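The values are calculated or read from the model by the stated rules, or taken from the named source; none is laboratory data. Predicted, not measured: the structure shown is a model, and the values here were computed from it. Note: ideal-geometry Cβ built from the backbone for every residue, glycine included; neighbour counts use all protein chains shown. Just the protein is used for accessible areas: all its heavy atoms, side chains included, with ligands, DNA and RNA removed. Shrake-Rupley method; radii C 1.70, N 1.55, O 1.52, S 1.80 Å.
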Amino acid sequence: TIQSGTRVKLDKWHPPPPFEEKNKKKKNSCSELKRLKNENNTPQKKKSKKKEAAVEALEGLAPCHLVIEAIVEDLAAKRELFSALEKVVKDDCILASNTSSLSVTAMAAACQRPERVAGYHFFNPVPIMGLIEVIRGLATSEQTVEKIKLFGDALGKCLAFEQQRLAV
């Protein structure tokens, strides 16, 4: 589940094509994504779509394009995790937090590349709610925001809010 912290990773998601190509034609509305999600929820397809894998150490997350943390709501713990993750993952890996209350800017300050840090809040209960919230930090790049929005599209989630939280 999404609340399993660093023991879970989502496999087989690859960053989207360059944004110029993506913006040529936006054909996946939320209603279309929901229709596709319902079509793909047959028992046979559910078995073949497993995307979770346990890792024993942060190093197991090295090949990921996106890591979403869901640890305790403690700023110091999240900053420590992001700092450690940044040493393990690729330079273009997005680091996201499932926080609903802490400052993304404060978390990103622990990183050498704060432009790749964003908030990515799943609404509960995650399997039922089709909504996500994207939170920008002061340094979060537009490319990071666009990529995680597309990830939400791939999950069949709709963007409920996009905001910039300035509070620390």
- Task: Report, by residue number, each residue of region 60-111 that is more than 15 Å from the chain's Cα centre (by Cα), hydroxyl-bearing (Ser, Thr, Tyr), surrounded by 15 or more Cβ atoms within 10 Å (Cβ to Cβ) and not in a helix (DSSP H, G or I).
- Result: SER103
- What is the number of the single condition among (1) within 25 Å of LEU138 (Cα to Cα); (2) modelled with pLDDT of 55 or more that GLU39 does not meet? (1)
- Task: For GLY156, indicate whether it is open to solvent by less than 30 Å² (accessible area, probe 1.4 Å) and on the phi > 0 side of the Ramachandran plot.
- Result: yes
- Item | Residue that is surrounded by the most Cβ atoms within 10 Å (Cβ to Cβ), among those in region 112-153 that are without any contact (Cβ under 8 Å) to a residue 40 or more places away in the chain, among the polar types (S, T, N, Q) and within 26 Å of LYS87 (Cβ to Cβ) | THR140
